[in-house]
Amino acid sequence: MQDLFRVVADKDLENDKRLRNYTYIERDEEHKLDGKGQVKGTEVKTFEVMELYGEQVQRLIQKGDKPLDAKESAKEEEKIQKIVDKRKNESDDARRKREQKAEKERGEDRQFVREVADAYSFHLAGSEVLGGRDAWVIDAEPRPGYEPHMKDAKFLPKFRFRAWIDKDEAQWAKLDIECIDTVSVGLFLARIHKGSRIVLEQTRVNNEVWLPQHVALKVDARIALLKEYNVEQDMTFRDYKKFRATSRILAVEDVQKKQPPIAPVH
């Protein structure tokens, strides 16, 4: 099973790379909870997400499931145009340094994802049909004696998860991750409490890649040891359209024109 998860990890990294070839719509719904777990406030935002010059950019298009007014919309267009102008006038040296930094970060991500196979003991729990496709159901528990090889991997033993792995393509289709011990981040500046949970689901897009479909998150945390952060968040991703911006985009309008008419995938 460790070998299987190494394959899954490599494919996940390839999916992340291909995601940069797509624009899509992301809807974020956040519920702030009180000490009794009751909703005390809700915020809903919808974004168009695109890749510009190697940078993922979000354009806010709705608040509370309603379109932005003219002033807010113009502000978002101005934000995007500033990014385009900045990258368009970027020196070769600055671009090279930015790309090298991005590649270093991707390398660290690759190392972290692959280390999951070493950090856990896996158990086949059975099989299920998920989204009309057959999947293995695999439980992962922290492996006793695991020694992390990189700094961020030290948090892995604080979590366990169940994974649904597509049998035909060895892609993860769903992950249910649970925090089983308090996680302290940044010299106790933040603590994520036991019981926090995240469920992630992917969908097959254009018969070539698996991309995010749904994320449900429940976090109970304390920020700077003072402020309680207790939220439930639900994110959905839709309308994937293949798109590759060139390095010579002149305006936001050019970005929009380069999107081919590919049918949305829900």
Please tell me if LYS45 is within 20 Å of PHE237 (Cα to Cα), basic (Lys, Arg) and surrounded by 14 or more Cβ atoms within 10 Å (Cβ to Cβ).
yes
Do we have VAL44 as β-branched (Val, Ile, Thr) and over 27 Å from ASN207 (Cα atoms) here?
yes
Identify the single condition in (1) touching a residue at least 40 places away in the same chain (Cβ under 8 Å); (2) surrounded by 14 or more Cβ atoms within 10 Å (Cβ to Cβ) that ALA135 does not satisfy, given that it satisfies every other one.
(1)
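Residues are listed down the side, and each one gets a yes or a no for (1) touching a Cys at 6+ places or on another chain (Cβ under 8 Å); (2) more than 18 Å from ASP16 (Cβ to Cβ); (3) assigned to a helix (DSSP H, G or I):
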site	(1), (2), (3)
GLU51	no, no, no
ILE83	no, yes, yes
ASP93	no, yes, yes
GLU99	no, no, yes
Could you list all residues from the range 1-40 that are assigned to a strand (DSSP E or B) and not β-branched (Val, Ile, Thr)?
TYR22, TYR24, GLU26, ARG27, ASP28, GLU29, GLU30, HIS31, LYS32, LEU33, LYS40
Filtered residues of the range 48-68 (kept if of a type in the set (Lys, Arg) and loosely packed, with under 14 Cβ neighbours inside 10 Å)
LYS66
Consider LYS104 carefully, then state whether it is surrounded by fewer than 12 Cβ atoms within 10 Å (Cβ to Cβ), closer than 22 Å to ARG18 by Cα and not small (Gly, Ala, Ser).
yes
Here the residues within the range 126-144 that are within 27 Å of GLU169 (Cα to Cα), assigned to a loop (DSSP other than H, G, I, E, B) and not small (Gly, Ala, Ser) are ARG143
It is to be established whether one or more residues within the range 145-157 are in contact with a Leu (Cβ under 8 Å, 6 or more places away or on another chain), surrounded by 14 or more Cβ atoms within 10 Å (Cβ to Cβ), outside any helix (DSSP H, G or I) and not small (Gly, Ala, Ser).
yes
Matching residues in the range 158-192 (under 21 Å from the mean Cα position of the chain (by Cα), part of a loop (DSSP other than H, G, I, E, B) and either acidic (Asp, Glu) or crowded, with 16+ Cβ neighbours inside 10 Å (or both)) number 2
Taking the criterion of being farther than 22 Å from VAL209 by Cα, modelled with pLDDT under 90 and either exposed (fewer than 14 other Cβ atoms within 10 Å of the Cβ) or polar (S, T, N, Q) (or both), would at least one residue in the range 69-76 satisfy it?
no
Just a yes or no: is a residue in the range 105-124 under 19 Å from PHE161 (Cβ atoms), assigned to a strand (DSSP E or B), touching a Phe, Trp or Tyr at 6+ places or on another chain (Cβ under 9 Å) and charged (D, E, K, R)?
no
I need every pair where a residue in the range 75-94 that is farther than 14 Å from GLN56 by Cα and in contact (Cβ under 8 Å) with a residue 24 or more places away in the chain has its Cβ under 9 Å from the Cβ of a residue that is assigned to a helix (DSSP H, G or I) and basic (Lys, Arg), sequence separation at least 6 or different chains.
GLU90/ARG98
Out of ALA245, ALA251, which single residue is over 20 Å from the mean Cα position of the chain (by Cα), at pLDDT below 55 and buried (at least 18 other Cβ atoms within 10 Å of the Cβ)?
ALA245
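The values are calculated or read from the model by the stated rules, or taken from the named source; none is laboratory data. All of these numbers come straight from a predicted model, not from anything done at the bench. Quick reminder, even Gly has a Cβ in these numbers, built from the backbone with ideal geometry, and neighbours come from all protein chains shown.
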